[in-house]
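Dumping the structure here so I can ask a few things about it.
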Amino acid sequence: MPNIQIQMLEGRSRDERQRLAKAITETTCKVLDVPPAAVDIIITEVKRENWVTAGRAWDE
């Protein structure tokens, strides 16, 4: 059973997260030849103050 974990900046709508999960599920099923029920996706939203790129937080 594939378990896919996604970390992204907070702020996307529920609809956007659901569309992302659906697209990833469909692709995973095609590539790995598994049924949708076998695919788990965990989406973790990270606050901009906790996401740092090149030493700078995204909320700066």
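The values are calculated or read from the model by the stated rules, or taken from the named source; none is laboratory data. None of the values given here were measured: they were computed from a predicted structure. Cβ placement follows ideal geometry from the backbone for every residue including glycine, while neighbour counts extend to all protein chains displayed.
Quick check on ASP59: is it loosely packed, with under 13 Cβ neighbours inside 10 Å, free of Cβ contacts under 8 Å to residues at least 40 places away in the same chain and part of a loop (DSSP other than H, G, I, E, B)?
yes
Could I ask something else about it? Among the numbered conditions (1) surrounded by 10 or more Cβ atoms within 10 Å (Cβ to Cβ); (2) in a helix (DSSP H, G or I), tell me where ASP15 comes up short.
Checking ASP15 against (1) surrounded by 10 or more Cβ atoms within 10 Å (Cβ to Cβ); (2) in a helix (DSSP H, G or I), the one that fails is (1).
Each row is one residue, and each column tells you yes or no for (1) among the charged types (D, E, K, R); (2) touching a Pro at 6+ places or on another chain (Cβ under 6 Å).
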{"site": "PRO2", "(1), (2)": "no, no"}
{"site": "GLU16", "(1), (2)": "yes, no"}
{"site": "ARG19", "(1), (2)": "yes, no"}
{"site": "THR25", "(1), (2)": "no, yes"}
{"site": "ASP40", "(1), (2)": "yes, no"}
{"site": "THR44", "(1), (2)": "no, no"}
{"site": "THR53", "(1), (2)": "no, no"}
{"site": "ALA57", "(1), (2)": "no, no"}
{"site": "GLU60", "(1), (2)": "yes, no"}
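Condition check ((1) outside any strand (DSSP E or B); (2) within 11 Å of the chain's Cα centre (by Cα)) across all residues:
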{"site": "MET1", "(1), (2)": "yes, no"}
{"site": "GLN7", "(1), (2)": "no, yes"}
{"site": "GLY11", "(1), (2)": "yes, no"}
{"site": "ALA23", "(1), (2)": "yes, yes"}
{"site": "GLU26", "(1), (2)": "yes, no"}
{"site": "CYS29", "(1), (2)": "yes, no"}
{"site": "ILE42", "(1), (2)": "no, yes"}
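When you scan the range 27-37, how many residues do you find that are within 11 Å of PRO2 (Cα to Cα), of a type in the set (A, V, I, L, M, F, W, C) and out of contact with any Pro (no Cβ under 7 Å at 6 or more places or on another chain)?
1
Show the residue pairs that are 6+ apart or on different chains and have beta-carbon atoms under 9 Å apart, the first residue being within the range 16-29 and farther than 12 Å from ILE42 by Cα, the second being assigned to a helix (DSSP H, G or I) and modelled with pLDDT of 95 or more.
GLU26/PRO36; THR28/PRO36; THR28/ALA38; CYS29/PRO36; CYS29/ALA38
Among the charged types (D, E, K, R) and loosely packed, with under 11 Cβ neighbours inside 10 Å - does that describe any residue in the range 39-47?
Of the residues in the range 39-47, the ones among the charged types (D, E, K, R) are 40, 45, 47.
From the residues that got through so far, the ones that are loosely packed, with under 11 Cβ neighbours inside 10 Å too are none.
No, the range 39-47 contains no residue that is among the charged types (D, E, K, R) and loosely packed, with under 11 Cβ neighbours inside 10 Å.
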